[in-house]
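Following: one structure in structure tokens, then a few remarks.
The values are calculated or read from the model by the stated rules, or taken from the named source; none is laboratory data. Nothing here was measured: the structure is a model prediction, and the numbers come from that model. We place every Cβ from the backbone using ideal geometry, glycine too, and count neighbours over all the protein chains shown. To get the accessible areas, we keep the full protein, side chains included, count just its heavy atoms, and leave off ligands, DNA and RNA. Shrake-Rupley method; radii C 1.70, N 1.55, O 1.52, S 1.80 Å.
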Amino acid sequence: MASIDRIRHERTPDGEQILIRPWETPEQRKAILNAMAAAGADEPVVRALAGAIAAPLAGASDRAVLQALLSGVFATVVYRPDTPSDLDFYQPAERTLRPVPGNERSPLTGQPKGVGDCEDLATLLVCLCLCLGITARVKWIEQKGSPLNHVAALVLFDDQRPDDPRAWRC
């Protein structure tokens with residue numbers, strides 16, 4: 001089962017992306033993205049990528065592994081913003097990683113890179129962290145006065161506790 005099948009929400013006609021309407025609150029959007037990240041961490045393609053990136057770093061700090069994962073995201077995916085619209089589309093990590101013909105080849109996979117915007121890349125990074133037992137969440141960032149908002153990944157390091165709200169500030 002694809003990870004998106006676990007999320008109960010309106011879909012695009014092809015069924016591969018979640019359709020987000022303008023009236024959905026930032027909290028609703030963040031909840032959807034975090035649910036997608038948790039589900040995506042179980043996907044074989046995501047687990048394989050996390051393992052391949054982390055294998056040479058056995059015994060390294062979470063910070064070193066996180067840096068490698070972030071580099072891995074950019075080595076496998078091209079950032080491409082959504083077309084301006086009242087609608088937004090969230091795609092699961094396995095779709096973000098799907099090779100797109102015409103994109104440059106990934107040095108990690110040898111295949112053309114996948115494509116995604118900020119929420120897709122942030123969700124992928126959180127998926128990869130979760131695969132390796134690193135605590136991470138997707139963060140919705142309001143940009144007051146801007147028609148667009150931003151999404152980022154927040155990661156807890158070794159010395160931070162998930163129950164401390166200060167750890168999740170950005």
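Structure summary
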{"read-out": "Index of the failed condition, PRO56 passing every other in (1) in a helix (DSSP H, G or I); (2) in contact with a strand residue (DSSP E or B) (Cβ under 6 Å, 6 or more places away or on another chain); (3) farther than 23 Å from ARG137 by Cα", "value": "(2)"}
{"read-out": "Within segment 5-21, tally of residues that are hydroxyl-bearing (Ser, Thr, Tyr) and surrounded by 18 or more Cβ atoms within 10 Å (Cβ to Cβ)", "value": "0"}
{"read-out": "Complete set of residues in segment 111-125 that are free of Cβ contacts under 8 Å to residues at least 60 places away in the same chain and of a type in the set (Gly, Ala, Ser)", "value": "GLY114, GLY116"}
{"read-out": "The listed residue being part of a strand (DSSP E or B), of a type outside the set (S, T, N, Q) and either open to solvent by less than 70 Å² (accessible area, probe 1.4 Å) or closer than 18 Å to PRO99 by Cα (or both), out of VAL78, VAL65, VAL73, VAL45", "value": "VAL78"}
{"read-out": "Given (1) open to solvent by less than 60 Å² (accessible area, probe 1.4 Å); (2) not in a loop (DSSP other than H, G, I, E, B), number of the condition GLU24 does not satisfy", "value": "(2)"}
{"read-out": "Scope segment 82-131; condition under 14 Å from GLY72 (Cα atoms), among the hydrophobic types (A, V, I, L, M, F, W, C) and open to solvent by 50 Å² or more (accessible area, probe 1.4 Å); matching residues", "value": "LEU108"}
